[in-house]
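The values are calculated or read from the model by the stated rules, or taken from the named source; none is laboratory data. Please read these numbers as outputs of a predicted model, since none were measured by experiment. All Cβ positions, even for glycine, are placed from backbone atoms using ideal geometry, and neighbour counts span all protein chains on display.
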Amino acid sequence: MSEPNVIVTKEGNIGFLTLNRPQDANTFTVSFARELNDGLIHLDNDPEVRVIVIRANGKHFSTGISLEEFKNKTPKEYGEFTRKMDEHNYTIAHMKKPVIASVKGYCLANGAGLSFACDLSVATEDAKFGTTAINVGLICLGPAAPLARIVGRKKTLEMVLTGDMISAQEAKELGLVNKVVPKEKLEDATLELARKLAAKSPLALQAGKAGIYGMADMPYEKALDMLSALFASLCCTQDAEAGVKAFLEKKTPEWLGR
């Protein structure tokens, strides 16, 4: 029997989702995205769990959507596909319990979006964050929804349009990360934060999270729907096809503008 893409466990009042595609840098596939979302819902509905941690096996947290997924899809199928890739954004925003990202290595594209969507984040000093899809002819619109709500429009545009990576320290200064620790301290620091939250009133945590998310000026779902539709349309372009193909072949893409 094959290993799950996402391992769901719990220790006391803390639930864990462990990203488990280390050989592929924990990239998103349809089954990976489904297991992640199902795991979030399962732990949110578990009465014994008060806080949830998303962590990763292997060297990297996640480097985004597997580029092997970008082929042989109709426009309608790309729409359904991008909704699956972004589903955790909807789910985390509506969960009763706080979700902590425990980040190491590369945290890029949809992987960065996952960490941005989490309520809190702890990262290693050498972690790198980036909305890097622009570099293969795509664009990080799903990740832009939680990103923009944290850093504002200008910084979001800079990160999404350049695809540049930033350090964990810069991510902390921008408010994308709560705590930066040495690599060997990541697990301890994450558990310390999780245990602190697990010791609080679960109803108070739920009310605090619901209130903070609810006060945003635009419904989160509408922003995600619009961005997902744009991303799905982009997936159908020749430039997207050329960018993915060039990346896989280790060549420089030629953009056609169509």
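Below, the figures for the structure above:
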read-out: Those residues of segment 31-58 which are part of a helix (DSSP H, G or I), among the aliphatic types (A, V, I, L, M) and over 14 Å from the mean Cα position of the chain (by Cα), in sequence order; value: Ile41, Leu43
read-out: Contacts under 7 angstrom Cβ, first residue in segment 203-214 being more than 15 Å from Arg149 (Cα to Cα), partner modelled with pLDDT of 90 or more and assigned to a helix (DSSP H, G or I), 6 or more apart; value: Leu205/Leu197
read-out: Residue identified as over 26 Å from Ala232 (Cβ atoms), surrounded by 15 or more Cβ atoms within 10 Å (Cβ to Cβ) and among the hydrophobic types (A, V, I, L, M, F, W, C) among Leu43, Leu67; value: Leu43
read-out: Top-ranked residue in segment 202-258 [being hydroxyl-bearing (Ser, Thr, Tyr) and within 17 Å of Met85 (Cα to Cα); ranked as modelled with the lowest pLDDT]; value: Tyr220
read-out: Which listed residue, of Lys97, Lys155, is modelled with pLDDT of 95 or more and closer than 30 Å to Ser201 by Cα; value: Lys97
read-out: Hits in segment 10-30 - residues which are farther than 20 Å from Lys196 by Cβ, part of a strand (DSSP E or B) and free of Cβ contacts under 8 Å to residues at least 40 places away in the same chain; value: Thr18
read-out: Listing of helices (runs of 4 or more DSSP H) fully contained in segment 130-236 that carry 1 or more residues being in contact with a Phe, Trp or Tyr (Cβ under 8 Å, 6 or more places away or on another chain) and surrounded by 13 or more Cβ atoms within 10 Å (Cβ to Cβ); value: 141-151, 168-174, 202-214, 220-235
read-out: Residue identified as β-branched (Val, Ile, Thr) and farther than 30 Å from Lys185 by Cα among Thr91, Thr82; value: Thr82
read-out: Criterion (touching a strand residue (DSSP E or B) at 6+ places or on another chain (Cβ under 7 Å), of a type outside the set (A, V, I, L, M, F, W, C) and either surrounded by fewer than 23 Cβ atoms within 10 Å (Cβ to Cβ) or modelled with pLDDT of 95 or more (or both)) met by exactly one of Glu87, Glu125; value: Glu125
read-out: So Glu173, is it out of contact with any helix residue (DSSP H, G or I) (no Cβ under 6 Å at 6 or more places or on another chain), closer than 29 Å to Trp255 by Cα and at pLDDT 90 or above; value: no
read-out: Criterion (of a type in the set (Asp, Glu), under 30 Å from Glu68 (Cβ atoms) and without any contact (Cβ under 8 Å) to a residue 40 or more places away in the chain) met by exactly one of Asp239, Asp217, Asp188, Asp164; value: Asp164
read-out: Identity of the residue in segment 7-40, within 16 Å of Thr63 (Cβ to Cβ) and β-branched (Val, Ile, Thr), that ends up surrounded by the fewest Cβ atoms within 10 Å (Cβ to Cβ); value: Thr29
read-out: Unique match (being under 17 Å from Cys118 (Cα atoms) and among the hydrophobic types (A, V, I, L, M, F, W, C)) among Leu186, Leu248, Leu234; value: Leu186
